[in-house]
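Heads up: the structure comes next, in structure tokens.
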Amino acid sequence: MSDPDEIAVVGAGLAGCLLACFLARRGLRVALYERRPDPRTGAVERGRSINLALSERGLDALRRIGLDRQVMADALPMRGRVIHPVKGELDFQPYSHDGQRAINSISRSALNNALLTAAAGQPGVRIAFDHRLTGLDPRTGEMTYETPDGTTKARAAVVLGADGAGSAVRAQLLAHAGLTESLDFLDYGYKELRIPPRDGEFALSPDALHIWPRGTSMMIALPNPDRSFTCTLFWPTSGTSSFASIGSPAAIERHFAEHYPDLIELAPTLVEDYRHNPVGALGTVRCTPWHVGGTAALIGDAAHAIVPFYGQGANCAFEDVVELDRCLEETGGDWTRALPLYEERRRDNTEAIARMALANFVEMRDKVASPVFQLQKKVEHALERALPGRYVSRYELVSFSTVPYAQVWRRVRRQHRVLGAAVGAGALLIGGAILRGRRSA
Ligand SMILES: Cc1cc2nc3c(=O)[nH]c(=O)nc-3n(C[C@H](O)[C@H](O)[C@H](O)COP(=O)(O)OP(=O)(O)OC[C@H]3O[C@@H](n4cnc5c(N)ncnc54)[C@H](O)[C@@H]3O)c2cc1C
């Protein structure tokens, strides 16, 4: 079953489903191909990123197709970070200067299913599950899929690869269309653990993202609607205190008792979860170009996967969809002009968030625990209150606005230069006053 005038979207994940909705709204016929069976009827894969933080960029995209309220009905707002030191009091650090703005913990599968159902309900969209793309001729739009019934061929006018970080469409463009790529993996991986409800209630405050910063590694926990928390360890994959070196039940218990003592009580299945849940890879994908003429292109993680430390991968993928739709609007639906325009407008922005996401790893695993950082945050929030709209923190711009990421990057660098100069001048003035005081004493 294939129609050469269709638009093929490969991958019915977060970006692919949203894209199918946007294209259908333009009156296009869309075939959405997904390698998995229908996720609405099956179990969620164990230990694979159960929830994620959705913020303004993602919400803006959902609003445009009227899905924001449905998705937000089950979201849990997180207004700041709660820092868990090895010893001592928990520390709440608000995300915004008024303590009111929140990022939202949502179930990844619920979000994907809501988008899938929205896409399936659009006239002109058909979905083919159990279809794994294995071949593509980007110039003719001929695709090869592996299905439970064997190999099948299909054809489309335009093929859009929304098939995630390990994109098969990208691999085909690499093989047949002169695309080049770079994959920068971190020496870190991630693994999920679970904190169940305690006496039917959340075991930790549910209105925050919890962080256990431990210098070179960390754990975070996000709340779920069933009152559990999903914890994610971000640890080195090899060396001391790594996933490779900590494997036996005794070593796991010892390590957590020493470095995450409050977790022992909170996570009764800790050892089992640790031993059975997989270690996921973390890295940044860059490739160029993202499109081939007007017939094939990449979107979301397939074009530019990033590390998850700013909670922006899905938000950024949703912005791609909004921008591609805008480019189609501005070019009257001319794919040969829309695809290069989309790439031109998104590339710098995705590069900027890739850099900010890497920088945020150091902030989360290390800096958040330091008194200097905590003071800096307080000064920053005071400046935001004193200079509304003129001084805006990077976190605020990334998470609570739709200002393009590249502009955020430039603006924050400018702000830091001005702030650095102001602090320097302040230090000189104070130093001068002290010296004058000494001379006159
Ligand atoms: C630990 C972790 C935490 C994260 N937390 C956040 C967060 O808090 N906030 C945030 O915004 N982002 C977060 N992200 C990033 C986010 O998950 C991704 O950016 C987002 O899922 C990208 O969406 P996508 O649709 O491009 O790719 P995916 O969601 O990966 O979807 C790709 C789809 O394509 C399908 N597919 C793959 N290969 C084929 C093939 N050959 N043929 C057909 N179909 C195929 C897959 O089955 C899948 O359905 C996190 C990521 C990780 C790893």
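HIS176 passes every criterion in (1) in contact with a Pro (Cβ under 7 Å, 6 or more places away or on another chain); (2) over 26 Å from GLY247 (Cβ atoms); (3) at pLDDT 95 or above apart from (3).
Cβ separations smaller than 9 Å between residues 6+ apart or across chains give no pair from region 159-175 residues that are not assigned by the TED database to the domain that holds LEU28 to residues that are open to solvent by less than 30 Å² (accessible area, probe 1.4 Å). Here ALA31 fulfils each of the conditions (1) part of a loop (DSSP other than H, G, I, E, B); (2) modelled with pLDDT of 95 or more apart from (1). For region 78-94, the set of residues classified as in a loop (DSSP other than H, G, I, E, B) and either modelled with pLDDT under 95 or closer than 17 Å to HIS259 by Cα (or both) consists of HIS84, PRO85, VAL86, LYS87, GLY88, GLU89, LEU90, listed by residue number. Look at region 242-257: where a residue is under 19 Å from PRO85 (Cα atoms) and a partner is exposed (fewer than 14 other Cβ atoms within 10 Å of the Cβ), sitting 6+ places away or on another chain with Cβ atoms under 7 Å, you get PHE256/ILE264; ALA257/ILE264. Filtering ALA305, ALA314, ALA354 for residues that are under 21 Å from VAL292 (Cβ atoms), of a type in the set (Gly, Ala, Ser) and buried (at least 21 other Cβ atoms within 10 Å of the Cβ) leaves a single hit, ALA305. Annotation note: of ALA175, ALA162, ALA221, the sole residue that is within 16 Å of the ligand (Cβ to nearest atom) and touching a His at 6+ places or on another chain (Cβ under 6 Å) is ALA221.
In region 34-57, what count of residues is obtained for those that are basic (Lys, Arg) and at pLDDT 90 or above?
Pass one, region 34-57, residues basic (Lys, Arg): 35-36, 40, 46, 48, 57.
From the residues that got through so far, the ones that are at pLDDT 90 or above too are 35-36, 40, 57.
Summing the residues that are basic (Lys, Arg) and at pLDDT 90 or above in region 34-57 gives 4.
Residues that are under 16 Å from ALA171 (Cα atoms), within 11 Å of the ligand (Cβ to nearest atom) and of a type outside the set (A, V, I, L, M) within region 255-313 comprise GLY300, ASP301, HIS304, listed in sequence order. Return a yes/no flag: does region 358-371 have any residue that is in contact (Cβ under 8 Å) with a residue 12 or more places away in the chain, outside any helix (DSSP H, G or I) and surrounded by 15 or more Cβ atoms within 10 Å (Cβ to Cβ). Checking region 358-371: at least one residue is in contact (Cβ under 8 Å) with a residue 12 or more places away in the chain, outside any helix (DSSP H, G or I) and surrounded by 15 or more Cβ atoms within 10 Å (Cβ to Cβ).
Taking region 238-255 as the range and being open to solvent by 20 Å² or more (accessible area, probe 1.4 Å) and either of a type in the set (D, E, K, R) or part of a helix (DSSP H, G or I) (or both) as the test, the residues that pass are PRO249, ALA250, GLU253, ARG254, HIS255.
Among the residues of region 110-156, write down those that are in a strand (DSSP E or B), basic (Lys, Arg) and either more than 9 Å from the ligand (Cβ to nearest atom) or within 21 Å of ARG29 (Cβ to Cβ) (or both).
ARG126, LYS153, ARG155
Which count do you get for residues in region 54-103 that are under 21 Å from ALA118 (Cβ atoms) and open to solvent by 10 Å² or more (accessible area, probe 1.4 Å)?
16
The values are calculated or read from the model by the stated rules, or taken from the named source; none is laboratory data. Just so we're clear, the structure is a prediction, and the values are computed from it rather than from any experiment. Because the Cβ atoms are built from the backbone with ideal geometry, glycine has one as well, and the counts that use them run over all protein chains shown. Heads up: the accessible areas ignore ligands, DNA and RNA and are worked out on the full protein's heavy atoms, side chains in. Shrake-Rupley method; radii C 1.70, N 1.55, O 1.52, S 1.80 Å.
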